[in-house]
Amino acid sequence: MNNLPLLIIGQGIAGTVLAASLQQRGIPFVIVNQSRNETASKVASGLYNPIVLKRMKPVWNAAAMIEALYPFYDYCETISGCKFHYTNKVIRVFKSVKEQNDWHAIASSETFGHHLNPDVQFDAIEGIETPYGFGEVINSGRIDTELFLSAMRSHWLETGNYVEAPFHYTDLEVNENEVHWQGTTYQRIVFCEGYRCQLHNPFFKELPFAATKGEVMQVVPQDSEWELRYIVNGGVFIMPLPNQEFKVGATYAWDTFDEGPTKEALQELEQKFQEITHLPVTITGHRAGIRPTVRDRRPLLGWHPVHRKVGIFNGLGSRGILMAPWLATVFVEAMQNDTALPKELDINRFTF
Ligand SMILES: Cc1cc2nc3c(=O)[nH]c(=O)nc-3n(C[C@H](O)[C@H](O)[C@H](O)COP(=O)(O)OP(=O)(O)OC[C@H]3O[C@@H](n4cnc5c(N)ncnc54)[C@H](O)[C@@H]3O)c2cc1C
């Protein structure tokens with residue numbers, strides 16, 4: 001590897017995590033990003049959790065992802081001088097004795113042992129009915145994604161690593177050994193454009209993206225100081241934020257690139273919220289974003305089959321916060337050592 005910088009396109013969760021991983025290893029980079037108000041990364045609840053609670057299955061490779069996550073976000077908090085990582089526990093509220101028993105059995109098994117507390121909890125939680133108790137997920141929490149992205153951007157504006165601009169593909173010159181953009185030579189370019197990649201990117205738009213739109217709402221309680229220590233899961237998540245606000249999410253809709261929030265999704269969120277709590281609330285916000293999901297539910301990492309200096313770091317789907325630090329480590333180490341990426345992650349599993 002030569003010592004020229006890498007050019008990263010996009011500063012959502014993907015581009016930010018990849019850039020910070022390069023910085024950790026002393027590899028120079030420049031990020032080009034067009035800021036938008038409503039991207040998946042800004043709208044995201046920022047939750048991480050090693051379990052797919054709906055299906056009661058561990059996330060693929062969760063243990064390695066959790067192990068990479070803590071030191072990585074610590075590092076980002078240190079270099080940006082900003083706190084955005086909160087370790088509130090995720091809990092699953094049970095609706096029956098059967099769910100209690102299932103939890104205990106699953107949580108005691110070897111596969112889940114590190115991720116779930118097998119003991120059913122019965123502490124009272126204000127505003128939430130828990131006649132059958134609840135289960136606690138170990139190693140869960142959240143990143144305030146808007147703060148994370150803006151803190152890292154401010155840091156990179158100061159260090160000269162960030163350019164605010166739309167990236168036009170026609171400005172790029174690619175050859176066998178490097179790439180050129182606006183008069184500067186870079187060792188490689190990596191596209192981290194989220195779902196927009198599938199709309200416009202001439203190198204990678206044929207990859208099998210299956211983007212999923214998601215919506216979240218923000219609420220404040222009408223007549224009480226509601227204190228919620230946990231992130232509550234029961235159909236949707238209710239997540240405490242600073243200033244007595246709560247985020248409720250999220251919905252899933254396929255086959256749409258319409259970025260705006262919808263009445264239908266808001267109704268769905270309100271209804272699911274009321275299934276968890278009857279506390280009266282006022283809706284103070286409602287936002288939508290499009291997740292870069294992939295047909296086989298695995299990330300899209302790797303290098304173009306013809307243009308070997310043109311890469312992609314994408315396909316984070318609905319778990320960018322959990323997956324990105326580990327994926328970035330794998331991606332950067334494979335690049336440094338000139339070794340193959342794991343086949344489940346490498347875009348060469350597809351012909352495009
Ligand atoms: C409602 C909702 C809730 C979610 N909740 C969670 C959650 O709790 N936990 C979790 O882990 N994940 C969550 N996600 C998923 C998470 O948001 C995604 O995994 C992640 O944001 C994907 O990040 P990205 O950087 O790939 O894409 P994006 O967020 O889309 O970022 C791409 C960036 O690249 C820029 N860009 C694109 N093309 C160009 C170009 N040509 N030139 C310049 N700039 C460009 C865009 O403007 C943007 O800034 C949620 C998503 C949604 C929609």
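You will find that of I283, I321, the residue that is of a type outside the set (F, W, Y), more than 30 Å from Q222 (Cβ to Cβ) and either modelled with pLDDT of 95 or more or assigned to a helix (DSSP H, G or I) (or both) is I321 and no other.
What residue, of V43, V17, is near the ligand (Cβ under 6 Å from one of its atoms), of a type outside the set (S, T, N, Q) and closer than 26 Å to E67 by Cα?
Details: V17 fails: near the ligand (Cβ under 6 Å from one of its atoms).
The match here is V43.
In the stretch 147-158, the count of residues that are within 11 Å of the ligand (Cβ to nearest atom) and assigned to a strand (DSSP E or B) is zero. I want to confirm something. Restricting to the stretch 325-352 and keeping residues that are among the β-branched types (V, I, T) and free of Cβ contacts under 8 Å to residues at least 40 places away in the same chain, which single residue is farthest from Y48 (Cα to Cα)? Per the criteria, the residue is T351. The residue that is most open to solvent (accessible area, probe 1.4 Å), counting only those in the stretch 96-148 that are more than 22 Å from the chain's Cα centre (by Cα) and charged (D, E, K, R), is E110.
Taking the condition free of Cβ contacts under 8 Å to residues at least 60 places away in the same chain, within 16 Å of the ligand (Cβ to nearest atom) and surrounded by 16 or more Cβ atoms within 10 Å (Cβ to Cβ), does A288 pass?
no
Given the structure, is N2 touching a residue at least 40 places away in the same chain (Cβ under 8 Å), farther than 20 Å from F148 by Cβ, open to solvent by 50 Å² or more (accessible area, probe 1.4 Å) and touching a helix residue (DSSP H, G or I) at 6+ places or on another chain (Cβ under 8 Å)? It is false that N2 is touching a residue at least 40 places away in the same chain (Cβ under 8 Å), farther than 20 Å from F148 by Cβ, open to solvent by 50 Å² or more (accessible area, probe 1.4 Å) and touching a helix residue (DSSP H, G or I) at 6+ places or on another chain (Cβ under 8 Å). Which is in contact with a Ser or Thr (Cβ under 7 Å, 6 or more places away or on another chain), at pLDDT 90 or above and open to solvent by 20 Å² or more (accessible area, probe 1.4 Å), of K83, K42? Just one listed residue meets the conditions, K42.
The values are calculated or read from the model by the stated rules, or taken from the named source; none is laboratory data. Everything numeric here is computed off the predicted structure, so don't read it as measured data. Heads up, the Cβs are rebuilt from the backbone with ideal geometry, glycines too, and the neighbour counts pull from every protein chain shown. Side chains are part of the model used for accessible areas, which takes the heavy atoms of the whole protein and leaves out ligands, DNA and RNA. Shrake-Rupley method; radii C 1.70, N 1.55, O 1.52, S 1.80 Å.
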